[in-house]
Amino acid sequence: MAKLRNLKKDIDYLISEVLSDCYSLAYLYPDKREKSIEIINEVVDFRNKMFERTNKPDGKNDKKLVRTHYKNISKDLLTGVDEFFKRISELTKE
């Protein structure tokens with residue numbers, strides 16, 4: 001199992017990549033600025049939820065529950081970030 005610190009760094013790194021793409025979108029397409037700001041707000045909420053889940057594992061005494069909890073966080077992080085990137089790419093196609 002990866003260290004908790006590395007998981008938090010991964011969360012910050014991936015979220016910062018999504019945010020930088022949103023800011024680039026808002027800069028390059030001024031007419032889509034409001035939609036990109038909506039995505040930015042959702043990304044920040046997603047980041048806060050991921051950190052909240054990371055800091056409060058289920059079943060602290062059971063190692064298997066903790067492992068599955070952090071694996072689920074990793075999966076949810078990747079799928080969530082992927083969804084945000086898809087939404088950003090859809091905005092650029094419009």
Too long for a 24 Å Cα-Cα cut-off, among K9/K86; K49/K71; K3/K60; K8/K60; K35/K75, are K35/K75
Distance in nm between N6 and K93 label points, each 7 Å along Cα→Cβ, equals 3.5
Ranked by GNM mean-square fluctuation in the chain (Cα springs under 10 Å), the top entry among K71, K49, K63 is K63
Magnitude of the Cβ-charge dipole (Lys and Arg +1, Asp and Glu -1) of the chain about the Cα centre, nearest 20 debye, reported as 740
Given a Förster distance of 30 Å, the FRET efficiency implied by the Cβ-Cβ spacing of E34 and D82, rounded to the nearest 0.05, works out to 0.85
Expected unfolding gain across E52-S24 under the 0.36 nm per residue rule, minus the alpha-carbon gap, is 7.3 nm
Here FRET efficiency (C-beta to C-beta, E17 to L65, R₀ 30 Å, nearest 0.05) is 0.50
Computed, not fitted: 222 nm per-residue ellipticity of the chain from DSSP H runs ≥ 4 (each -39500 (n - 2.57)), nearest 500, equal to -30000 deg cm²/dmol
Calculating semi-axes √(5λ) of the Cα gyration tensor in Å from this structure picks out, from [x] 31, 11, 10; [y] 56, 30, 12; [z] 31, 15, 11, entry [x]
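Computed from the coordinates by the stated procedures, all read-outs in this text should not be read as laboratory data. Because the structure is a prediction, the values reported are computed rather than measured. Here the Cβ is made from the backbone with ideal geometry for all residues, glycine too, and neighbour counts use every protein chain on show.
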